[in-house]
Every structure is written in structure tokens, then in C-alpha cells.
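For reference, the structure is listed below as C-alpha cells.
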Amino acid sequence: MPNSLKLLFFSVLIVVAGCDKSSVSGSYWVYVSSFSDSTSTAGIGIYDWDPEQESLQLVKIDSTVKRSSYLSLDVKNLKLYSIDRTGIQSFNIEKETGLISMLNQTPHDEYNVGACYISLAENGRYLMIAYYGSGSVATYSIKNDGRIGSLISQVKHEGSGVNRERQEAAHAHMVVAVPSSALIAVTDLGMDKIFCYRISDSGVIDNTPVSMVNFPPGYGPRHLAFHPTKPYVYVLAELTGRVVAYQYDTEHGIGEQIADIEILPNGFTEFNKAADIHISNDGNYLYASNRGANSLAVCKIDQRNGAVELMETPSSGGEWPRAFAIDPSGDYILVANKRSHQLNILSRNKKTGRVEKIGEEQTISFPQCIRFLEKSE
């Protein structure tokens with residue numbers, strides 16, 4: 001184990017001098033998943049994040065689940081949900097300390113393989129899971145006490161794409177609720193398609209898609225992000241390092257394409273896999289990470305028509321930025337650089353959208369998904 005990782009046995013504190021952030025208020029628990037067989041630095045990392053002090057402190061590594069690939073947070077009921085190769089786990093959160101304790105776990109259905117994304121329904125009644133290996137999507141019920149219940153519904157995709165190494169079969173990569181609607185959106189990297197399905201309040205998926213968008217061949221749609229106030233959705237292409245924007249509505253799903261831009265650094269031609277995408281709360285800026293280029297694309301969104309303009313591609317601060325998150329204050333971005341085992345802190349200018357690295361810290365092994373919970377809620 002590298003000496004830097006041994007620091008994980010102690011509290012980690014980052015205090016970085018920076019500009020005044022008068023808009024920042026409150027502090028947060030931060031949950032970070034990791035995917036490793038290591039017994040000492042793998043698990044779900046729990047951090048104390050104080051944006052006013054620009055301070056990130058490791059509280060504990062909970063090693064109940066050592067190979068968590070993604071997390072979903074129920075802020076209202078103080079529950080955390082995780083997936084790994086074997087199943088789905090639910091945890092109770094102790095608000096005063098941020099610590100978690102497992103409630104239960106349930107195995108994946110035998111026909112669903114390679115869980116890669118988990119999200120919570122807007123009504124909090126069920127979980128949605130995308131399975132990369134089997135190209136399927138499934139929903140699981142949530143009991144009143146937060147425990148995971150039974151399998152409710154599932155949809156399996158069949159098809160392939162032009163990239164024979166990565167698109168030899170269907171590969172569902174993300175499933176998320178379409179805002180303020182009875183629809184869910186599913187990206188399928190293997191088929192170069194984006195599906196919208198109607199779903200009931202109890203989590204039953206109608207297998208007939210409301211919309212099915214053909215993504216540009218060979219792009220490989222991975223993750224998407226909905227604009228917070230406009231009818232625009234932005235889809236990240238893992239295989240080409242591009243962002244494609246579409247119009248959508250709450251009845252008919254995703255429709256007309258409105259933009260297609262490259263988000264790689266100028267002149268970069270080496271191997272790359274785009275990873276994560278998020279939009280600022282004001283809807284003015286889009287951010288996307290690239291593994292290989294190890295960069296974070298900063299883009300301006302035109303509020304009039306949804307068009308996107310690439311502004312800059314600064315370093316992610318480490319190697320292989322698999323995931324990142326804009327903190328609730330909007331003044332910072334935390335980046336999980338998986339291969340360098342780092343959480344990097346970027347200061348974000350709300351007016352210009354531009355970012356600047358202000359700190360980094362060795363963290364849990366192979367950090368991945370990041371979730372925030374405000375302490376004062």
C-alpha cells in the first residue's frame with residue numbers, strides 16, 4: 001500500500017486559503033463509494049465538508065461494502081443505498097455523526113448482471129437500477145423503514161452498436177427520473193440509444209418506450225443531466241468525448257437534437273472515456289469529466305435554445321476522474337479521481353463558471369460516486 005493511502009487511518013483535514021465565499025452557508029456529510037478488494041481503505045467513505053472553511057475531513061471508512069459502484073441518497077428519510085456486483089444495500093444515516101449502519105441487503109435478480117447505476121424515485125417508494133452487463137433496468141420496492149423490498153419490474157434491451165469492442169450487446173448505463181413526470185430515462189451505451197419509459201407510482205415500468213432516440217453511431221451514451229428549469233437534456237458520450245443536447249417534454253420524452261459538441265482538450269488524441277456530467281443549479285454551466293485526458297470540461301449553456309459552448313478543459317487534479325459533484329453551495333466541485341485515489345477540491349466561480357484547483361487529499365481506494373447531505377436539514 002502506498003504511504004499516502006496509510007494516512008486514511010487518521011482524520012484528514014484540508015484547510016485551503018481562498019477568496020471569500022459569502023454565499024456559502026451550512027456544512028455537509030459527504031458519502032463516497034469505492035470499488036476495491038482492499039480491507040483497509042475500501043468501503044464507503046464518510047467525510048465532513050465545511051465549504052465556509054474550505055475544509056474536508058475524513059470521519060470514517062465504513063467497510064461493510066467494499067466494492068460499492070454507485071450510491072443514491074434519500075435526504076428526507078436519512079437513508080443511503082448502494083450497489084455492488086452481488087446486490088443492493090440499504091443504510092440508515094445517523095444525522096448527528098454522519099455514520100451509517102446497514103439495514104438490509106438483497107441480491108440482484110439472476111437475469112440482471114453488472115449493476116452500474118442506482119437512483120431513487122422522486123416519490124421515494126422504489127429504487128431504479130441500470131445493469132451494464134445484461135443491458136437491463138429493474139426497480140425494487142422500498143419498505144416504510146427504508147429497507148429494500150422485492151423486485152417490482154424490469155426491462156431488458158436487445159441490440160448492439162458499431163463499436164464491436166464496447167457495443168457488442170446492449171449496455172444500460174444510467175436510469176433516472178425525468179423531472180416532474182411519470183417517465184424514466186435510460187441511456188444504453190451498447191445500442192447508441194436513449195429510452196424513455198412510462199412508470200407507475202409504485203415502480204412498474206411499461207415495457208413500450210414513450211420515446212427512443214438514436215444516438216450518433218459509435219458515441220456510446222453513458223450519463224445524462226436535465227436542465228433545472230428548461231426543457232433540455234444533455235447526454236455524455238463515453239466513447240467519443242462529446243455532449244449531445246436534446247429537447248424533451250414530460251409527456252413524450254426526449255426528442256429533437258439541438259447540439260453536439262466535443263469536450264476534449266484541444267489537440268488531445270489519446271485514449272479517453274468520458275465519465276460524468278452535471279449542470280449548475282442556475283442552469284448556466286455544464287461540466288463533464290474525461291478519463292484519459294483527465295480533464296473537466298467547462299461549458300456555457302445558452303438559455304434561449306439549449307446550445308452548449310466549450311469554455312475550457314482544466315485538469316481534474318488527478319488521474320481517471322470517474323465521478324464528480326457540484327457541492328450544494330455551488331461554490332465548489334469535488335472530483336473523485338479513481339486511479340490516483342484522490343478527492344480533489346475545485347473552487348467554482350458562479351458568475352463565470354470557471355474552476356480552479358485549491359486542494360487534494362488521498363482518500364479511499366478507487367473513489368467513485370459522491371453524495372452530499374446537509375447537516376442542518
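The values are calculated or read from the model by the stated rules, or taken from the named source; none is laboratory data. Fair warning: this is a prediction, and the values are worked out from it, not measured in the lab. Please note: Cβ atoms are built from the backbone with ideal geometry, for glycine as well, and neighbour counts cover all protein chains shown. For accessibility, only protein heavy atoms count, side chains too; no ligands or nucleic acids. Shrake-Rupley method; radii C 1.70, N 1.55, O 1.52, S 1.80 Å.
Listing for the model above:
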quantity	calculated
Value of relative contact order over the stretch 265-338, rounded to a whole percent, pairs C-alpha under 8 Å and six or more apart	25
Contact order relative to length of the chain, as percent, for alpha carbon pairs under 8 angstrom and 6 or more apart	13
Sorted largest first, extent of the stretch 65-105 alpha carbons per principal axis (Å)	30, 16, 15
Gain in span if fully extended, K351 to K156, counting 0.36 nm per residue against the direct Cα distance	65.9 nm
MRE, 222 nm, helices only [DSSP H, n ≥ 4, -39500 (n - 2.57), over the chain, to nearest 500]	0 deg cm²/dmol
Share of alpha-carbon pairs per 5 Å distance bin for the stretch 335-377, given as whole %	5, 21, 19, 20, 20, 13, 2
Counting all C-alpha pairs of the stretch 55-176, share separated by more than 24 Å (%)	30
Under Karplus coefficients 6.51, -1.76 and 1.60, residue-wise ³J(HN,Hα) of the stretch 141-149 in Hz, glycine/proline x	6, 10, 6, 4, 8, x, 5, 7, x
Computed over the stretch 93-160: relative contact order in percent, which uses C-alpha pairs under 8 Å that are six or more apart	24
Rg and Dmax of the stretch 263-377, Cα atoms only, in Å	13.8, 46
Backbone N under 16 Å from the S101 label point (7 Å along Cα→Cβ), restricted to the stretch 145-185	145-147
Counting all C-alpha pairs of the chain, share separated by more than 31 Å (%)	31
Dipole of the stretch 131-234, positive end: most advanced residue of V137, A172, A225 [Cβ charges, Cα centre]	A225
Rounded accessible area of L80 (nearest 10 Å², 1.4 Å probe)	0
Surface share of carbon and sulfur [accessible, 1.4 angstrom probe, percent] for the chain	46
Simple label model, 7 Å out from Cα along Cβ direction - E52 to D282, nm	2.2
Extension gain (nm, one decimal) between V75 and S40, 0.36 nm per residue minus Cα-Cα	9.8 nm
Residues listed by number, the stretch 238-265, amide nitrogen under 12 Å from N305 label point at 7 Å toward C-beta	258-260
From the C-alpha gyration tensor of the stretch 197-310, square roots of 5λ in Å	26, 17, 12
Dipole in debye (nearest 20) - the stretch 58-132, about Cα centre, beta carbon charges: Lys, Arg +1; Asp, Glu -1	120
Stretchable slack from T86 to K143, in nm (0.36 nm times residue separation minus alpha-carbon distance)	18.5 nm
Per-residue SASA entry for R354, accessible area with 1.4 Å probe, Å² rounded to 10	110
Nearest-10 value in Å² for the accessible area of R147, using the 1.4 Å probe	90
Listed residues M212, M128, M311 arranged by accessible area, highest first, probe 1.4 Å	M212, M311, M128
